[in-house]
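Take a look at the structure below.
Computed from the coordinates by the stated procedures, all read-outs in this text should not be read as laboratory data. The model shown is predicted, which means the values in this text are computed figures rather than measured ones. Neighbour counts run over all protein chains shown; Cβ positions are idealised from the backbone, glycine included.
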Amino acid sequence: MDTSTWDTLVGSMKSTYAKGVREGAVPRPVIMPLVRGELVGLIWVRPTKPGADALTGIAALSNIAAAAGADEVVLAWETEEVATVCELPAAGPSPCLNMVRATPDGHVLHQFPYSAGAPPVGSGDAAEPTAALDWKQPLAPRPDGELPPPVKAAVNYAFTPMDLDHPNPFGVTVVLMEEDGYTVRLTDAFDH
């Protein structure tokens, strides 16, 4: 992936997280598979129950990348949200937007800590967002940085070829994931 695409994905995730926090909910974990540098789409984890269901739901994000034959993936998640829903200890800064960039040869963890700031001065309209995100200095990228278990599983399985006896393994995977409650937004080049 080129620098411009990476910067666009980071900017998009920061914007998504800022909007989500303003609306009172951190976005669910998302995977962004790429094939030969081209973004396949964004796939958000399905609604999950705390514990094993959340672990499985996040790890299964790998299915779409494997079906697409992705050669690179980016996963984004919030430290505390994943720790809470997966019933795991929080590892790393919190609150923090985490993004891992992975290929079959390894991964690099990028972390973007933030804090929820006060509403803008003079905003008395109740319909306006209640908080703004104050992005802190990002941590230095960490090659092979520690990942929460479900994210690590999603990264590892994203590059495992799928053995589906179907004429369109990618299309059927998309349909099955949507039926399971995953939110799938494909780019025009990969829309089924």
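Before moving on, here are some points about what is shown:
- Some residue of the stretch 44-57 being closer than 22 Å to residue 168 by Cβ and not in a loop (DSSP other than H, G, I, E, B): no
Residue-by-condition table, conditions (1) buried (at least 21 other Cβ atoms within 10 Å of the Cβ); (2) of a type in the set (D, E, K, R):
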{"position": "2", "(1), (2)": "no, yes"}
{"position": "31", "(1), (2)": "yes, no"}
{"position": "36", "(1), (2)": "no, yes"}
{"position": "57", "(1), (2)": "yes, no"}
{"position": "74", "(1), (2)": "yes, no"}
{"position": "78", "(1), (2)": "yes, yes"}
{"position": "95", "(1), (2)": "no, no"}
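- Listed by first and then second residue, the pairs linking a residue in the stretch 25-42 that is in contact (Cβ under 8 Å) with a residue 40 or more places away in the chain to a residue that is among the basic types (Lys, Arg) and assigned to a strand (DSSP E or B), with Cβ atoms under 7 Å apart and 6 or more places separating them unless they lie on different chains, are 41/185; 42/185.
- The stretch 1-24, residues that are part of a helix (DSSP H, G or I), touching a residue at least 60 places away in the same chain (Cβ under 8 Å) and within 17 Å of residue 108 (Cα to Cα): 6, 9, 10, 13
- Scanning the stretch 46-56 for residues that are among the small types (Gly, Ala, Ser) and in contact (Cβ under 8 Å) with a residue 24 or more places away in the chain returns 51, 54.
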